Amino acid sequence: MDFSDPSLYVNRELSWVDFDDRVLEEARDKNNPLLERARFIGITQSNLDEFFMVRVASLRKMEDVNYTKPDVSGMQPSEQLEAISEKVHQLVEKQYSTLNRSIVPQMETIGIHLRQYDELNSAQVSFLTQYFREVLYPVLTPMAVDVSRPFPFISNNTLNIALRLVKNTKDEESGKKEHRFATIQVPDTFNRVVSLPGMNEFILLEEVIKHFLGELFSGFKVKEARAYRVIRDMDFDVTEEDASDLLKEVEHELAVRDHTQVMRLEIEADMSKQLRKQLIHDLQAREKDVYDIKGPIDLRFLSKLVKQVKGHSELMYPSFTGYIQPALRQDNLFDEIKKRDIFVQHPYDSFDPVVKFVHEAATDPDTLAIKMTLYRVSSQSPIIKYLAQAARNGKQVTVLVELKARFDEENNVKWAQMLEREGCHVIYGLVGLKTHCKLLLVVRQEPDGIKRYMHMATGNYNDVTAHLYTDMGLFTADPLMGIDASNIFNMLSGFSEPDHFERVAIAPTTLRGFLYDRIDDEIANAKAGLPAAIKMKMNSLSDKGMIEKLYEASAAGVKISLIVRGIVCLKVGVPGVSDNITVHSIVGRLLEHSRIYDFYANGEHQLYLSSADLMTRNISRRVELLFPILQDDIKERVGHIYDQMWHDNVKTRVLHADGTWQKVDRRGLAPLDVQDSLIKEAAHKSQADAKLATSQPQTPFVPLMRPLDETATDGANDDDSDDE
């Protein structure tokens with residue numbers, strides 16, 4: 001059977017738009033708290049912005065050089081761009097319909113008001129007059145456009161106001177008004193959501209500026225003032241000739257990145273034809289890349305609005321603090337890890353022990369070396385601080401900082417330079433590959449010899465996103481995994497090219513073949529009449545080779561269950577091809593980020609966790625890690641978590657043969673929201689431990705992190721960006 005037929009595949013970019021639509025469904029779901037619904041609209045905006053900056057930008061480059069090779073679904077770049085434009089325009093219409101017809105009216109009924117200037121009372125007018133003249137006026141820079149002053153460069157993702165002006169005196173010769181054009185950037189140094197006098201009264205910064213524009217253009221009358229925003233090509237393109245020059249290459253690319261082609265132009269829907277035409281011409285935008293916006297441009301402001309609302313905690317998800325297992329509260333984590341492997345699932349399990357593990361290694365007199373990969377970390381990362389402390393304490397600290405982590409390049413450059421100053425050995429990644437694996441190795445000198453301790457994970461060492469993303473990690477002192485970890489770091493820092501690992505699999509060398517072999521084992525079992533099943537969970541599924549292999553397994557009778565949060569290029573329900581494949585997607589309060597690969601193996605149940613999604617870039621162009629779960633109790637725990645996720649009937653969408661995603665029909669079923677269930681389970685364990693502690697006092701453990709108090713950004717521009 002020919003599994004390469006384009007009709008068996010879904011276009012990657014259109015599948016991504018479908019994912020963002022699933023996120024928007026959360027904003028439309030009346031069962032979600034109102035302010036969280038508003039946040040979800042903002043998330044869809046962030047997602048779209050990055051999608052255009054990266055994916056649409058890539059397609060535009062292909063189109064510009066007349067690249068016509070079709071993708072796996074048979075679509076050429078120009079066809080993809082046309083389909084994307086149509087689908088995204090529909091999505092934007094739905095965004096603003098949700099905002100204008102549902103979210104804003106419901107907020108108003110409970111006393112949360114986003115005002116227009118003409119709705120303000122005298123106290124609010126007086127406040128804004130003073131605010132504009134004393135705070136905003138000195139910062140604003142009006143940019144006139146005429147013969148001597150060309151249209152200024154408009155930076156990516158900035159909000160601006162375009163103006164048509166006329167001079168107050170008539171031209172003596174023509175008797176006509178002198179028409180002028182100008183633009184002014186809404187400064188991003190101030191909060192875009194301005195709190196007004198009164199309880200939960202707000203106005204957007206651009207509305208304030210619009211009202212007072214006359215004070216910036218004395219002698220002219222403002223005929224029209226409309227907001228606009230441009231999204232530019234921000235796809236990172238670094239030519240890697242030598243990894244030693246990568247830092248300079250990245251710094252150079254960051255400096256020039258803003259001066260790129262316009263991918264999308266958003267304008268207020270009631271902008272005049274004259275002003276619209278001027279902007280399109282001066283920005284060199286294309287008509288099909290223009291989006292007429294029926295409401296405030298750039299809906300990311302909604303997350304800021306939510307944070308400023310007072311007195312409505314019931315309209316948000318309740319906060320919770322992750323559970324800390326008794327073994328991870330002990331003074332010496334090495335002693336606990338030596339006894340047995342320890343599994344954690346964030347954020348239900350606190351991220352604090354991971355930070356504590358680094359801190360303990362930094363101050364432990366028996367620690368000889370710490371080796372770690374860093375893909376994304378927070379701007380105030382405690383892990384970075386402890387790595388620097390370790391170097392000062394005389395430990396050998398080797399850190400691979402991936403400078404090419406999309407939209408985190410600047411942050412990572414800063415951390416890399418700081419770590420070097422503190423005496424750490426910093427590696428900038430491998431030429432031609434992004435290092436995306438999540439691995440921490442601590443080497444200790446113990447009485448019976450050298451001992452290795454590892455932490456391996458599906459998600460980044462980011463203490464902020466660890467509160468928002470569901471990820472899994474493993475603390476282990478398994479000797480064979482320790483050998484593998486050392487070989488991985490030798491590969492990253494030197495010229496070692498191991499082609500064999502004892503326990504783990506690594507992309508781009510062994511991971512693809514390893515997964516193919518496991519799938520082939522299930523195919524062989526199915527053909528032999530034995531039970532055969534595959535369970536996988538990931539963020540995206542787009543690699544053609546992997547999809548073909550899954551089609552082959554389905555055709556052989558292997559039962560395949562897939563939980564895929566985002567992109568899915570596979571089709572279900574195709575007779576003889578994918579009728580044994582079922583695909584679920586969970587979009588909820590937390591961003592589902594863990595990767596699980598589970599094979600029945602004739603009852604042996606081989607289970608693996610990984611940093612890698614089944615995307616070509618992850619398997620073939622990145623350094624990724626897949627590691628086994630060997631301990632029976634942990635294997636059972638992960639399997640139970642997967643089964644809970646599979647039976648979620650509140651936040652799950654099921655992929656149908658016609659390509660649509662539908663919520664589970666739960667008539668006759670008790671509702672199961674797996675994320676909510678796991679949060680409650682963590683709280684119950686914390687309460688049970690607290691009761692036990694009153695009768696059996698233990699050494700108190702002081703959390704290093706704050707409790708979870710905000711929802712996840714289920715989208716692109718955070719840890720799980722399209723770059724993840």
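Working carefully through the options GLY557, GLY566, GLY529, find the one that is touching a helix residue (DSSP H, G or I) at 6+ places or on another chain (Cβ under 6 Å), on the phi > 0 side of the Ramachandran plot and not assigned by the TED database to the domain that holds ASN47.
GLY557
Given ASP463, ASP484, which one is among the charged types (D, E, K, R) and open to solvent by 10 Å² or more (accessible area, probe 1.4 Å)?
Within the list ASP463, ASP484, the selection yields ASP463.
Please go through (1) at pLDDT 95 or above; (2) open to solvent by less than 30 Å² (accessible area, probe 1.4 Å); (3) on the phi < 0 side of the Ramachandran plot; (4) in contact with a strand residue (DSSP E or B) (Cβ under 8 Å, 6 or more places away or on another chain) for ALA285 and return the number of the only condition it doesn't satisfy.
(1)
Are there any pairs with C-beta distances below 6 angstrom linking a residue in the range 53-68 that is without any contact (Cβ under 8 Å) to a residue 60 or more places away in the chain to a residue that is in a loop (DSSP other than H, G, I, E, B) and open to solvent by 10 Å² or more (accessible area, probe 1.4 Å), with the two at least 6 apart or on different chains, and if so which?
Cβ pairs passing all conditions: THR68/GLN76.
Considering the range 420-430 alone, what residues qualify as being small (Gly, Ala, Ser) and at pLDDT below 80?
If the condition is that a residue be small (Gly, Ala, Ser) and at pLDDT below 80, then GLY429 is the only one that fits.
All but one of (1) among the hydroxyl-bearing types (Ser, Thr, Tyr); (2) over 25 Å from the mean Cα position of the chain (by Cα); (3) surrounded by 22 or more Cβ atoms within 10 Å (Cβ to Cβ) hold for TYR348, so report the exception by its number.
Result: TYR348 fails condition (2) only.
When you scan the range 398-419, do you find a residue that is modelled with pLDDT of 95 or more, open to solvent by 10 Å² or more (accessible area, probe 1.4 Å) and over 25 Å from the mean Cα position of the chain (by Cα), even just one?
Looking for residues that are modelled with pLDDT of 95 or more, open to solvent by 10 Å² or more (accessible area, probe 1.4 Å) and over 25 Å from the mean Cα position of the chain (by Cα), one finds none in the range 398-419, hence no.
Out of curiosity, is LEU439 buried (at least 23 other Cβ atoms within 10 Å of the Cβ) and under 26 Å from ARG595 (Cα atoms)?
It is true that LEU439 is buried (at least 23 other Cβ atoms within 10 Å of the Cβ) and under 26 Å from ARG595 (Cα atoms).
Among the listed residues VAL431, VAL504, identify the single one that is touching a Phe, Trp or Tyr at 6+ places or on another chain (Cβ under 7 Å) and farther than 24 Å from HIS359 by Cα.
Unique residue meeting the criteria: VAL504.
Among the residues that make up the range 213-230, is at least one of them in a strand (DSSP E or B), within 23 Å of LEU59 (Cα to Cα) and modelled with pLDDT of 95 or more?
Within the range 213-230 (the criterion being in a strand (DSSP E or B), within 23 Å of LEU59 (Cα to Cα) and modelled with pLDDT of 95 or more), the answer is yes, since at least one residue qualifies.
Across the range 425-465, what is the number of residues that are β-branched (Val, Ile, Thr) and under 20 Å from the mean Cα position of the chain (by Cα)?
4
Report yes if SER15 is at pLDDT 95 or above, under 24 Å from ILE563 (Cα atoms) and in a loop (DSSP other than H, G, I, E, B), otherwise no.
no
Assess whether GLY42 counts as being surrounded by fewer than 22 Cβ atoms within 10 Å (Cβ to Cβ) and either modelled with pLDDT of 95 or more or in the same structural domain as VAL17 (by the TED database) (or both).
No.
When only residues in the range 529-544 that are surrounded by fewer than 19 Cβ atoms within 10 Å (Cβ to Cβ) and in contact (Cβ under 8 Å) with a residue 60 or more places away in the chain count, which is nearest to ARG518 (Cα to Cα)?
My answer is ALA533.
Quick one: in the range 641-657, of everything that is among the charged types (D, E, K, R) and not in a helix (DSSP H, G or I), which residue is surrounded by the most Cβ atoms within 10 Å (Cβ to Cβ)?
Out of the qualifying residues, it is LYS651.
Any idea which of (1) in contact (Cβ under 8 Å) with a residue 40 or more places away in the chain; (2) open to solvent by 50 Å² or more (accessible area, probe 1.4 Å); (3) outside the structural domain of THR465 (by the TED database) is the one ASP366 doesn't satisfy?
The one condition ASP366 does not meet is (3).
Mind counting the residues in the range 379-395 that are farther than 18 Å from TYR428 by Cβ and open to solvent by 10 Å² or more (accessible area, probe 1.4 Å)?
The qualifying residues number 10.
Quick one: is VAL23 among the aliphatic types (A, V, I, L, M), touching a residue at least 60 places away in the same chain (Cβ under 8 Å) and touching a Phe, Trp or Tyr at 6+ places or on another chain (Cβ under 8 Å)?
So VAL23 passes the test.
What are the residues in the range 416-464 that are in a loop (DSSP other than H, G, I, E, B) and polar (S, T, N, Q), if any?
THR458, ASN460, ASN462
Counting just the residues of the range 56-114 that are among the polar types (S, T, N, Q) and farther than 30 Å from LYS544 by Cβ, which one comes out most open to solvent (accessible area, probe 1.4 Å)?
Per the criteria, the residue is THR109.
Any residue in the range 272-295 that is closer than 17 Å to ILE161 by Cβ and assigned by the TED database to the domain that holds PHE153 sitting within a Cβ distance under 6 Å of a residue that is surrounded by 15 or more Cβ atoms within 10 Å (Cβ to Cβ) and of a type in the set (Gly, Ala, Ser)? List the pairs, counting only those 6 or more apart or interchain.
Qualifying pairs under 6 Å: LEU275/ALA162; LEU279/ALA162.
Would you confirm whether or not the range 621-632 contains a residue that is basic (Lys, Arg), in a loop (DSSP other than H, G, I, E, B), in contact (Cβ under 8 Å) with a residue 40 or more places away in the chain and surrounded by fewer than 16 Cβ atoms within 10 Å (Cβ to Cβ)?
Yes.
Can you confirm whether the range 402-411 contains a residue that is on the phi > 0 side of the Ramachandran plot and assigned to a strand (DSSP E or B)?
No, the range 402-411 contains no residue that is on the phi > 0 side of the Ramachandran plot and assigned to a strand (DSSP E or B).
When you go through GLU206, GLU240 one by one, which is the residue that is among the acidic types (Asp, Glu), modelled with pLDDT under 85 and under 29 Å from the mean Cα position of the chain (by Cα)?
GLU240
Of the residues LEU35, LEU24, only one is hydrophobic (A, V, I, L, M, F, W, C), over 19 Å from VAL564 (Cβ atoms) and either modelled with pLDDT of 95 or more or not assigned by the TED database to the domain that holds MET263 (or both); which?
Residue meeting the stated conditions: LEU35.
Going by the structure shown, is ARG226 open to solvent by 50 Å² or more (accessible area, probe 1.4 Å), in the same structural domain as SER272 (by the TED database) and at negative phi?
yes
Restricting the range 246-282 to residues that are aliphatic (A, V, I, L, M), assigned to a helix (DSSP H, G or I) and open to solvent by 20 Å² or more (accessible area, probe 1.4 Å), which is modelled with the highest pLDDT?
Only one residue fits best here, namely ILE280.
Hey, could you check the range 538-593 for residues that are among the acidic types (Asp, Glu) and under 21 Å from ASN11 (Cα atoms) and say which is nearest to the chain's Cα centre (by Cα)?
ASP543
Would you tally the residues in the range 128-160 being at pLDDT below 90 and open to solvent by 90 Å² or more (accessible area, probe 1.4 Å)?
Residues flagged as at pLDDT below 90 and open to solvent by 90 Å² or more (accessible area, probe 1.4 Å) within the range 128-160 amount to 4.
The values are calculated or read from the model by the stated rules, or taken from the named source; none is laboratory data. Owing to the predicted nature of the structure, the values given are computational and were not obtained by experimental measurement. Quick reminder, even Gly has a Cβ in these numbers, built from the backbone with ideal geometry, and neighbours come from all protein chains shown. Accessible surface areas use protein heavy atoms only, side chains included; no ligands, DNA or RNA. Shrake-Rupley method; radii C 1.70, N 1.55, O 1.52, S 1.80 Å.
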